[in-house]
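Comments concern the structure below.
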Amino acid sequence: MSIRIDRERIRGLLTRVREGNEKPSISGLLYHAPPLRGGNPTSQSTIEFLAGFRPLQDLEKKELCLLASLMHERSFGDGETIFDQGNPSGALYVIRSGCVELSRKIAGKDVTIATLAPNELFGELALLLEEMPRRISAKSRGPSVLLAFSRPDLATLMVRSPFVSMKLFRALARVVALRFTMLMEEIEGSSQE
């Protein structure tokens, strides 16, 4: 979306408000969510999935539509690598179906850190920290479907809607804070043993 289109949208909204055909709406000026293409079932089901995804609970439906329009669905087979430790990072993933195993090479051995299920996300630091190599590896355990959201997708979102971008950053900050808190509790628990 170019700035010219944004200005036209704002002019159109202001004209409709002046004529009394529409009530003033700040959210109408903040962004334009692209329409679903002919009721595309994948897009609609992605929006419904995101609506039930807890970290995004503060987003309204039209904000979820915008976010869904920027996400990419990716399918992986059993044992297929999603990314390797040390590779450049660039996207976060939300597990729509299936399971993903996260591991880290320690002393030359792959050590499983976690196995994630649907409605969990991973790779969020890829959006928050530029050019940081992946600290872990991720592999599909069984067939899985993931929604990917990359740094270029985030840049597009920031241009289209700084407001929705702020809400996404707040959601990611909550995820990182929760994970940090859980880690601290685990460390405290293991030090008491």
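The values are calculated or read from the model by the stated rules, or taken from the named source; none is laboratory data. Computed from a predicted model, the values in this text were never measured in an experiment. Every residue, glycine among them, receives a Cβ derived from its backbone with ideal geometry; neighbour counts consider all protein chains shown.
Side notes on the structure shown:
- Region 50-82: number of residues that are closer than 30 Å to Asp110 by Cβ and over 12 Å from the mean Cα position of the chain (by Cα): 9
- Residue within region 116-129 that is part of a strand (DSSP E or B) and at positive phi present: no
- Residue check for Val94: assigned to a strand (DSSP E or B), within 16 Å of the chain's Cα centre (by Cα) and either of a type in the set (A, V, I, L, M, F, W, C) or closer than 16 Å to Ala148 by Cβ (or both): yes
- When Leu129, Leu92 are checked against the criterion of being at pLDDT below 95, of a type in the set (A, V, I, L, M, F, W, C) and surrounded by fewer than 19 Cβ atoms within 10 Å (Cβ to Cβ), a single residue qualifies: Leu129.
- When residues of region 156-193 are limited to those that are β-branched (Val, Ile, Thr) and in contact (Cβ under 8 Å) with a residue 12 or more places away in the chain, the one farthest from Gly123 (Cα to Cα): Val159
- Beta carbons closer than 9 Å, at least 6 apart along the sequence or on distinct chains, pair a first residue in region 92-116 that is without any contact (Cβ under 8 Å) to a residue 24 or more places away in the chain with a second that is aromatic (Phe, Trp, Tyr) and part of a strand (DSSP E or B) for Ala114/Phe122; Leu116/Phe122.
- Residue check: Pro24 meets all listed conditions (1) in the same structural domain as Glu124 (by TED's automatic domain parsing); (2) at pLDDT below 90 but one, namely (1).
- Residue in region 183-192 that is farther than 24 Å from Glu48 by Cα, surrounded by 11 or more Cβ atoms within 10 Å (Cβ to Cβ) and modelled with pLDDT under 90 present: no
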